[in-house]
Structures are given as structure tokens and as C-alpha cells.
RNA sequence: GUCCCCAUCGUCUAGUCAGGUCCAGGACACUGGCCUUUCACGCCGGCAACACCGGUUCGAAUCCGGUUGGGGACGCCA
């Protein structure tokens, strides 16, 4: 059985790069009928926080990237790492090093000045030193030869062992370092596939060498291309909202984000939209591209609008509710929400936008947008409003069809075009110059509210006249 | 600096492994039009790319070499 994992370090929020890595691991394991493990890499006590861990779990749950095992916390697995390190020392594969951080800095400077790669010079490698305060444990890297692997997305990659130095596997404070912990965990959890960001390519030979020193089978590797900001540099905070939770709060549907992420680096012919089932069925590491790519926020927005349009009213009403609540609506009428959702979904790109669009229907009072007020609520419409309102008030049945019929007669009598009446009415009824169709708006509002709002608009116009 | 990786429209990409069907296809964005009670949706159209130079070949976006450009890594971070 194949086993994949997503191992974030809890030093910040889950951003879209990490989310994509998690998604690809998840897709691959689902497709192969394997197992997907979540592991929190919190060996850096200084920078790891519980808040970050919580945010990561929340993000994963919101995205629906469920894990089959874990979350494991590396900070609670030190016994495993220590056993591995001690074994390496006992086997002569690792040694105690007494060089100070200052020594190391000097060595790096030295190498750099000679135009070489900065690295440890191996001072303590063959000294047979005992542990001492401040000492670390290093792995013996072969002095020559090459280490190579076949990357499932990039193809064969090889490194000269001379490029590598004896990496530290146990810090002076006794804790294991990243490379050691990752390998020890991946061995103990039975990892078969390591799917991770491009930035780990250079780490791979070191990790392979740890497997070799341990005599353990080496997993398959797949390195995903980096996600870049619009300026083509590595994604970071200054590129704006990159946290998964920020997208949730901006009103994106998890499926839309997932779809956008999947298409960043992976493709399936010309297909742009995938249900989760399709994504799982069609995903393959082979069709992951090699080149780094820029995250296209506009495409995500378009995708989000599309998924909103395609979703059921029930689902959307449920998704929309938290947004309505943050906008101050309480005791929502579920039926009302569903109704307004159904006419709003074709014109909402995000749930935030949709919640704003729902105001006219859910709020008791509306306020007129200045632009619409000035342009359409003018004395010229007063008489139309009053006449129309009398007729509307007398309607026995108040639905789109009957309203439209009444309008046809009314417009004919007054000899005006619908557009002359619709815009002023729209402002009177919704406060805005853009809204769903005017008949839809009227039906959803109901006769009582419609009549009242038209009356208020008329009064408002008269007021303006007096002021002027 | 050293090593590793990469290179098709502004962006995401198809095509590259098995060279001709590609004067390069799709999507987003932008844009012209149609529809229309506004805003959207929808529909029709437009703009726009094989980084460069050599080589192999009857023929190269596709294969090879180099150049340039970009990204990544060089931590007692992960």
C-alpha cells in the first residue's frame, strides 16, 4: 500500500503553497487507495506555536483534506529519533563533533572565499571524540561518489557527494535536526512516496544518505514546482492574502480553491474544472509540470463564481450563513436566505459579495447609494411611483408573472419604456443601481415591503425637493 | 560564488517522452459585438507565446550542444 504525508511545520499559517502540496499528496493517496498522514514538524521549539498548529488543522479540515493517520507531533517522538541517532553512532556512521558555531562560520567563509560551496570541513570526522557539553552529532557522508534518484516529476537527478558535508543530526541541546527526524519518521510510518516542494530537491541526497547509512529502503520522491508571486519571486506575505483561511474569509468555496490549486502545476489536457472525484481519478504525478508558476488569483475568482453558480441553493445558503452573521444578521429566516441565494448566485463571485447583495432582502431598512439616489430618485418619477404603488397594493396575487403583466399594461398606458421605470424602482427597492431582475426583487420582497419602500422613496424625493 | 532545477500568449497551461496533422490549442485577464429592466450570466469575435544562437534532419515548439534569463539550495530552520 502506498503511504504519503503532509508535514507542515507550525511556524505560521497554512498558505496556498503548502495547501497544494497537501492536496497532491492527498489526491495521490486517494487515487492509489493508500494512506495519507498528517505530521506536525515542531522540532524548532522557538518558532513553533499551538496557534499555528490549530490554524493548519482548521485549514486542512475546511479544505476537506482529511488524513487517515495523525496528526503526529515530532516533539513527542524524540525516543524514535534518539534510537536512530545512537544506532548510527554505534555503527560508526555518525560521530561527535566539538566544533563551535564560530569555528563553523570561519570554515564557511573560508570555503566561500575560495569560490566553493560553504560547508563543514570535517575537522572532527575521524577524531573519535566523546560527547561533551556543546557538542553535536554529525553523519558521515561519503567523501566521493554520487547520490542519485529518479524524481517522479523531474526525472533523474544526481549530486556529487563532494558537494555535501557532514550534516548535523543531533543538536548540542540534544534535539534531532530536521533531516534526521524526517527520515526516522518516514521510516517508522512506512512512507512510500515523498511528494513535496521543489525547494527540497537539494535536501534529498542528504536524506537518501541517511536511509543508506541505516540500511533502509528509500522512498520514491516527487518534487513539485514552486508557486511564485506575481513578481515571480517566491511566495511570501508581502504578496498579500496567501493563507488558506484568508481565502475562506474572503468568501471562497473550498472546492474552488482546490480546483485552482490543482491546476497550478498539474493539468489534464484542456480541462479546467474538476469535481473532487474527477481530480482523484485523473491526477497523476507524471502530468505535473516541472516549471515554477505564478498563482493566478483572477482565475480563482472566476472559478469561485462558477462553483457558486453551479451549487445548490441549499448548500450555498448554508455556506452563506456565517457571512450574513458577521454582517450583523441574526435570527435568519432559512427559507428567505435560500430564496435570495437563488437569484444572487449567478451574479456573485464570492460569498462576501453575495452576503452584501442579500441586504435589500434581509435588512429592514435600506439606504440609498448616493449615485443612484442622485440619478434616479428625481421628482419626475413621483407620479409614476404613486400611481404604480396604488395598483401594486391592489394586486390579489403578487408574483413575478402577475407583476410583469401589470407592468406591461402600466407601461403601455404611460407610454414609457421599462428602463425608465426599472432603474428608479431598483434604487427605491434595493438602494442600489445593480441588483437582480426587478420583478424577482419585488416577488422576493413581497407586496407589503415593496409598497412601503416605494412610498418611502416617494417621500424621500419630496423631501429633497423641499430642501432644494 | 558553488551546486541543483527550470524555460510555449500578461497569467495558468495543451502539444515535447514516440520530430511532420501546430504560420501552435484551451482557460483567466483584457477587448469589440449580440442578448437585455440594471448588474451579471450566456453567445459570437479580437488581441496575444514556442527566450536566444548553433547543430542533427527532407522537416524541430518537439532531439543535441551552448548562451541568456529565472527559481531553489548551500543553518545546531523546516
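Per-structure values
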item	result
In degrees, nearest ten, helix A:400-414 long axis to first principal axis of chain A (Cα)	50
Kirkwood hydrodynamic radius of region A:8-141, from inverse mean 1/r over distinct Cα pairs, in Å	18.1
Distance-filtered residues of region A:1-41 - backbone nitrogen under 19 Å, label point 7 angstrom along residue A:199 Cα→Cβ	A:5-25, A:39-41
Relative counts (whole %) of C-alpha pair distances in region A:215-271, using bins that are 5 Å wide	4, 13, 17, 20, 19, 12, 7, 4, 3, 1
Protection proxy ranking, peptides A:105-113, A:439-447, A:400-408, average beta carbon neighbours within 10 Å, highest first	A:439-447, A:400-408, A:105-113
Semi-axis lengths, Å, region A:126-235, gyration tensor of Cα atoms, sqrt of 5 times eigenvalues	27, 17, 15
In nm, spacing of pseudo-spin labels at residue A:459 and residue A:275 (7 Å Cα→C-beta vector)	5.2
Per-peptide average of other Cβ atoms within 10 Å, ordering A:8-14, A:115-121 highest first	A:8-14, A:115-121
Ratio of Rg to Rh over region A:1-47 (Cα coordinates, Kirkwood Rh, two decimals)	1.05
Kirkwood hydrodynamic radius of chain A, Cα pairs, Å	26.9
Peptide ranges A:49-58, A:153-162, A:313-322 listed from the most packed, as the mean C-beta count within 10 angstrom indicates	A:313-322, A:49-58, A:153-162
Cα long-axis angle, helix A:178-188 against chain A (0 to 90 degrees, to the nearest 10)	90
Gained length - residue A:387 relative to residue A:315, 0.36 nm times residue gap less alpha-carbon distance	21.9 nm
Value in Å of the Kirkwood radius, where region A:56-103 supplies the Cα pairs that are averaged	14.3
Rounded to 5, the percent of DSSP beta bridges in chain A classed as antiparallel	55
Computed lengthening from residue A:143 to residue A:416, 0.36 nm per intervening residue step minus Cα-Cα distance	89.2 nm
Percent antiparallel among DSSP beta bridges (both partners in region A:169-287, rounded to 5)	40
In degrees, nearest ten, helix A:16-31 long axis to first principal axis of chain A (Cα)	80
Spacing of the two label points (7 Å from each Cα toward its C-beta) at residue A:62 and residue A:362, in nm	1.8
Residue-averaged [θ]222 nm for chain A, counting only DSSP H segments that reach four residues, each worth -39500 (n - 2.57)	-14500 deg cm²/dmol
Among beta bridges that DSSP assigns inside region A:27-161, antiparallel share in %, nearest 5	75
FRET efficiency estimate (nearest 0.05) - Cβ-Cβ, residue A:405 to residue A:466, R0 25 angstrom	0.10
Paramagnetic reach from residue A:1 in region A:64-99 [backbone N under 13 Å; point 7 Å along Cα→Cβ]	A:68-70
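Computed from the coordinates by the stated procedures, all read-outs in this text should not be read as laboratory data. Predicted model only: the values in this text are computed from it and were never measured. All Cβ positions, even for glycine, are placed from backbone atoms using ideal geometry, and neighbour counts span all protein chains on display.
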